[in-house]
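**Q** Dropping a structure here in structure tokens format, bear with me for questions.
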């Protein structure tokens, strides 16, 4: 059975009274960190400690105003993604895209690991994603629109891909100064 994912699927309880130490520990990893270019390891078991870690990931995502977050973006090589919904967020373990529309749509994307950089990225408008829920249950989800874009973006992170790998060499040459700013200053400065 395929469940439809509408950005309001289910929630992850966030630890609202997080200490500064936890927030500091879960800093967003920035380009060109090597963990961002490596395939993440599958989650073998969903434990209470792992779910606690996911709650801390959610705090980091919210603090940085993200719509999604992958574990490698906070320095952990695990196949875990968070997807922000309109009312609730959802965690997925070991997500894999099973199928996607052949027709794609170009839209602007940003990335917490490439702060200040926004690029036109072509993505499928519908995807089917096989993954595990926080209860360890396998599900096949159908995501459309923004949800499909978020899933594709975050799963790219698990595969060691960034949005700068989804643009042409000419486009990448045109943003070389911005990439250097991220390397040196940690973000692109607004002009």
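Each value in this text was obtained by applying a stated rule to the coordinates, not by laboratory testing. Owing to the predicted nature of the structure, the values given are computational and were not obtained by experimental measurement. Ideal geometry is used to build each Cβ from the backbone, glycine not excepted, and the neighbour counts take in all protein chains shown.
**Q** Which FRET efficiency value, to the nearest 0.05, do you get for residue 122 and residue 33 by plugging their Cβ-Cβ distance into 1/(1 + (r/R0)^6) with R0 = 35 Å? Could you put the intermediate results ahead of the total?
**A** Details: r = 25 Å, r/R0 = 0.72.
Using R0 = 35 Å, I get an efficiency of 0.85.
**Q** Contour minus end-to-end for residue 102 and residue 45, with contour as 0.36 nm per residue of separation and end-to-end as the Cα-Cα distance?
**A** My answer for the length gained is 17.2 nm.
**Q** If we sort 98-109, 151-162, 33-44 on the protection proxy, mean other Cβ atoms within 10 Å, highest first, what's the order? Intermediate results must be reported in sequence, preceding the final value.
**A** Working: 98-109: 12.7, 151-162: 20.7, 33-44: 14.4.
Those peptides, ordered most packed to least, come out 151-162, 33-44, 98-109.
**Q** Can you divide the C-alpha Rg of region 93-136 by 2.2 N^0.38 Å and report the result to two decimal places?
**A** Details: Rg = 13.6 Å, N = 44, 2.2 N^0.38 = 9.3 Å.
Here the Cα radius of gyration is 1.47 times the empirical estimate.
**Q** Take the Cα gyration tensor of region 29-171, multiply each eigenvalue by 5, square-root it, and list the three semi-axes largest first, rounded to whole angstrom. All intermediate terms of the calculation are to be shown ahead of the outcome.
**A** Working: eigenvalues 100, 66, 39 Å².
Largest first, region 29-171 gives 22, 18, 14 Å.
**Q** In addition: Could you work out Rg/(2.2 N^0.38 Å) for region 60-140, with Rg from alpha carbons only? Provide the component values of the computation, followed by the final result.
**A** Values: Rg = 13.7 Å, N = 81, 2.2 N^0.38 = 11.7 Å.
So region 60-140 has a normalised radius of gyration of 1.17.
**Q** Given only helices, namely DSSP H runs of n ≥ 4 each adding -39500 (n - 2.57), what is the per-residue ellipticity at 222 nm of the chain, to the nearest 500 deg cm²/dmol? Intermediate values should be presented prior to the final figure.
**A** Values: 5 runs with 52 residues, N = 191.
Roughly -8000 deg cm²/dmol at 222 nm, from the helical runs in the chain.
**Q** If you average the sequence gap of Cα pairs under 8 Å that are 6 or more apart and divide by the length of the chain, what percent do you get for the contact order? Walk me through the numbers on the way to the answer.
**A** On the way: 363 pairs, mean separation 50.3, N = 191.
Over the chain, the number comes to 26 percent.
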